[in-house]
Amino acid sequence: MPDVDLESINAAFRDFVPHNRALSLEVTEATFEPAIAVLRLPYDGRFAGDPDSGVLHGGVITTLLDACAGASVYFKLQSPTPIATLDLRIDYLKPATAGRDVFARAECFHVTHNVAFVRAIAYHDTAAAPIAVGNATFALSTQGRPAVPDVPAAGAP
């Protein structure tokens with residue numbers, strides 16, 4: 001099993017996905033077996049959904065969970081395979097507390113030839129007090145494959 005080098009993982013994580021860099025997402029923990037990623041989203045008032053309260057916009061929490069889930073898939077595959085989010089289902093349980101960092105933990109628990117399956121949770125101090133929970137599926141080896149097969153239009157030769 002390869003050693004976990006968080007510095008290299010974070011450099012690739014930020015360089016490969018500029019959105020991760022823009023949000024200052026950081027991988028704080030990584031394991032390959034089980035395939036678990038933990039990310040930190042530092043609080044930034046620019047991402048508040050309600051400027052009066054400072055509570056983070058739900059879309060930022062969605063992005064955190066999606067990025068964390070995707071990272072866990074990479075840890076499971078242990079190779080640079082292109083992936084794409086197929087489905088992301090999130091239940092928001094409470095708002096994130098203004099001014100506080102948010103963490104996400106995701107585990108890729110099953111992989112088939114074409115799809116990876118992940119469970120994720122967002123929280124402040126402990127996963128036992130979640131902000132949101134989610135399930136995701138990712139398509140594997142997506143680069144260069146058409147989304148829809150070439151089908152001639154009706155009446156075309």
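Some observations on this one:
Residue-wise test of (1) more than 29 Å from His113 (Cα to Cα); (2) of a type in the set (S, T, N, Q); (3) in contact (Cβ under 8 Å) with a residue 40 or more places away in the chain.
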{"position": "Val4", "(1), (2), (3)": "no, no, no"}
{"position": "Phe13", "(1), (2), (3)": "no, no, yes"}
{"position": "Ala35", "(1), (2), (3)": "no, no, yes"}
{"position": "Ser72", "(1), (2), (3)": "no, yes, yes"}
{"position": "Thr85", "(1), (2), (3)": "no, yes, yes"}
{"position": "Arg89", "(1), (2), (3)": "no, no, yes"}
{"position": "Asp101", "(1), (2), (3)": "yes, no, yes"}
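- All positions within region 37-70 that are among the basic types (Lys, Arg) and touching a residue at least 60 places away in the same chain (Cβ under 8 Å): Arg40
- In region 53-64, the condition of being more than 12 Å from the chain's Cα centre (by Cα) and farther than 21 Å from Pro130 by Cβ is met by no residue.
- Within region 82-108, the set of residues being more than 21 Å from Thr31 (Cβ to Cβ) and among the hydrophobic types (A, V, I, L, M, F, W, C) comprises Ala84, Leu86, Leu88, Ile90, Leu93, Ala96, Ala98.
- When region 101-113 is limited to residues that are at pLDDT 95 or above and more than 13 Å from Leu39 (Cα to Cα), the one that is surrounded by the fewest Cβ atoms within 10 Å (Cβ to Cβ) turns out to be Thr112.
- Among the residues making up region 48-73, those that are farther than 23 Å from Asn10 by Cα, among the small types (Gly, Ala, Ser) and surrounded by fewer than 16 Cβ atoms within 10 Å (Cβ to Cβ) are Gly49, Ser53, Gly58.
- Residue satisfying all of: in region 74-100; aliphatic (A, V, I, L, M) and over 20 Å from Leu56 (Cβ atoms); surrounded by the fewest Cβ atoms within 10 Å (Cβ to Cβ) among these: Ala84
- Thr81 passes every criterion in (1) part of a loop (DSSP other than H, G, I, E, B); (2) without any contact (Cβ under 8 Å) to a residue 60 or more places away in the chain apart from (2).
- From Ser8, Ser24, residue being over 11 Å from the mean Cα position of the chain (by Cα), surrounded by fewer than 20 Cβ atoms within 10 Å (Cβ to Cβ) and outside any helix (DSSP H, G or I): Ser24
The values are calculated or read from the model by the stated rules, or taken from the named source; none is laboratory data. The shown structure was predicted, so the numbers you read here are calculated from the model rather than taken from an experiment. Here the Cβ is made from the backbone with ideal geometry for all residues, glycine too, and neighbour counts use every protein chain on show.
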